[in-house]
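Written out below as structure tokens is the structure these notes cover.
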Amino acid sequence: MHKKRVFSGVQPTGNLHLGNYLGAIKNFVELQNKFECVYCIVDLHAITNRQDPKELKSNVLETVASFVASGLNSEKNIIFNQASVAAHSELAWIFNCVARIGWMNRMTQFKEKAGANKENASVGLMVYPNLMAADILLYKATHVPVGEDQKQHLELTRDIAKKFNNDFNCDNYFPIVEPLISKEIPRVMSLRDGKKKMSKSEDSDMSRINLKDDKDLIEQKIKKAKTDNDSIPSEVNGLKNRDEAINLISIYASINNIKLEQVFKEFGGKNFSTFKSKLSESIIEKICPIGDEMKKLLKDSKYLHDILKKGSKNAGLIAKINLKEIYEIIGLTKFS
Ligand code: TRP
């Protein structure tokens, strides 16, 4: 039996928004009470696409700030950035030699991200899932909280673990990870188009609530958020084909930690303007303190660096022991 351990990775992006919070960070905060958790800012994954060096540095800090401001405890959890622990790259290389080209060719995220001009995508983008498997297996993590879009990569991680255990005759060496996919976690969509994910790259800032938005701006964005002409339904069937309504109602449920049914009970039959003012209130109550704390933390880069230093040291200790075992299993020797 492997010891239960959670691992998750988040790309360092600036301008973190409500989708990042409700879709990932909020869940991380809940998991810290139930598991030993390792949270990694995956800067090596980020460079599979071109990054501005200055922005990359500041985005790493912004991401740590969002973790801490949201309530992740840096004493209890390991919070670090991938580039600090070289073993991620070392194990990724090993997995490049375990995973099969056919497996990589099936990855839908690669196809989507590479787009029409596949020949011009970086090789890193293609082997991105192998680095992700290395992140997880380097810590022998047993549980990984991910969104639907990462399920296939987790499946690949399981295939890599099984093939490694089998090829090197080390039954059960790597755990077969389980995804932690919670039904309660909403897919937060754009406030302008309920079919598109909320994203920092959408042109209109009105499409998203940024963690650092102030009260007035949040109010304005929710007031202007797209809806339809019907009222709030009293049951889930009333949400059919109403993407924008689903989005706002799911955000309300998630931010208040209640079930959708409760929202229907509270607002069924009421119009959107009543609902929207309550929704703004809830978002402001939750998000503004996080944004304010982030702004405060970002002024103290030494404090954020110290968190990353400590996390990297602790991650590095586990990684070193495991990588040594892995080298031994394969027959690789470090003479230096
Ligand atoms: N690929 C993940 C994403 O884009 C980020 C990630 C990298 C990750 N390594 C990971 C997630 C390990 C979970 C576990 O969301």
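The values are calculated or read from the model by the stated rules, or taken from the named source; none is laboratory data. Note that the structure is predicted; figures quoted are calculated from it, not measured. Positions of Cβ are backbone-derived with ideal geometry, glycine not excepted, and every protein chain shown enters the neighbour counts. Ligands, DNA and RNA are excluded from the accessible area calculation, which covers all protein heavy atoms including side chains. Shrake-Rupley method; radii C 1.70, N 1.55, O 1.52, S 1.80 Å.
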Next on the checklist: Please report the antiparallel percentage of the DSSP beta bridges confined to the chain, to the nearest 5.
Outcome noted: 10
Item to check | Cβ-based net charge around ILE185, under 14 Å, with every Lys or Arg adding one and every Asp or Glu removing one | outcome: +2
Item to check | Zone residues, the stretch 146-167, relative to ASN105, backbone N less than 18 Å from point 7 Å out along Cα-to-Cβ | outcome: 156
Item to check | Cα-Cα P(r), the stretch 1-157, percent of pairs per 10 Å interval | outcome: 10, 39, 39, 12, 1
Next on the checklist: As a test question: what accessible area, to the nearest 10 Å², does LYS200 have when a 1.4 Å probe is rolled over all protein chains in place?
Outcome noted: 90
Checklist outcome for this item: Per principal axis, largest first, the Cα atoms of the stretch 205-296 extend in Å by 44, 24, 19
Checklist entry - How high is the FRET efficiency between LYS278 and LYS302 when r is their beta carbon distance and R₀ equals 41 Å, given to the nearest 0.05? => result 0.55
Checklist outcome for this item: Helix-only [θ] at 222 nm, the chain, -39500 (n - 2.57) per DSSP H run of 4+, per residue, nearest 500, equals -16500 deg cm²/dmol
Checklist outcome for this item: Looks like the stretch 24-99, by Cα gyration tensor root eigenvalues a ≥ b ≥ c and the a/c under 1.5 rounded cutoff (else prolate when a/b is bigger than b/c, oblate otherwise), is oblate
Checklist entry - With all pairs of different alpha carbon atoms counted, what Kirkwood hydrodynamic radius in Å does the stretch 109-152 show? => result 11.9
Checklist entry - Where the centre of each part is set by its Cα atoms, how far does the stretch 1-17 sit from the stretch 20-82, in angstrom? => result 6
Checklist entry - In whole Å, what are the Cα extents of the stretch 68-125 along the three principal axes, biggest one first? => result 43, 26, 17
Checklist entry - For the chain, what number results from the quotient of the Cα radius of gyration and 2.2 N^0.38 Å? => result 1.06
Item to check | Environment charge at ASN166 (Cβ cut-off 15 Å; Lys +1, Arg +1, Asp -1, Glu -1) | outcome: +1
Next on the checklist: With a 1.4 Å probe and all protein chains kept in place, how much accessible area does TRP103 have, in Å² rounded to the nearest 10?
Outcome noted: 50
Checklist entry - Which value, to two decimals, describes the C-alpha radius of gyration of the stretch 113-206 once divided by 2.2 N^0.38 Å? => result 1.38
Checklist entry - Quick one: accessible area per residue over the chain, 1.4 Å probe, rounded to a whole number of Å²? => result 51
Item to check | Local net charge near THR274, Cβ-Cβ under 15 Å (Lys/Arg +1, Asp/Glu -1) | outcome: +1
Checklist entry - Under the definition of Cα pairs under 8 Å and six or more residues apart, what whole-number percent is the relative contact order of the chain? => result 23
Next on the checklist: What is the percent carbon and sulfur in the accessible area of the chain, measuring with a 1.4 Å probe over the protein chains and ignoring ligands?
Outcome noted: 50
Checklist entry - Rounded to the nearest 20 Debye, what is the dipole magnitude of the chain about its Cα centre when Lys and Arg each give +1 and Asp and Glu each give -1 at the C-beta? => result 180
Next on the checklist: What distance in nm lies between label points placed 7 Å from Cα along the C-beta direction at ARG50 and LYS34?
Outcome noted: 4.3
Checklist entry - Mind checking which of ASN117, ASN247, ASN271 has the largest fluctuation in a GNM of the chain, springs on alpha carbons under 10 Å? => result ASN117
Checklist entry - Where does the Debye-calculated log10 I(q)/I(0) of the stretch 182-243 sit at q = 0.12, 0.13, 0.15 Å⁻¹, using only Cα point scatterers of equal weight, no solvent? => result -0.35, -0.42, -0.55
Item to check | ARG5, ARG100, ARG50, ranked by accessible area, largest first (probe 1.4 Å) | outcome: ARG50, ARG100, ARG5
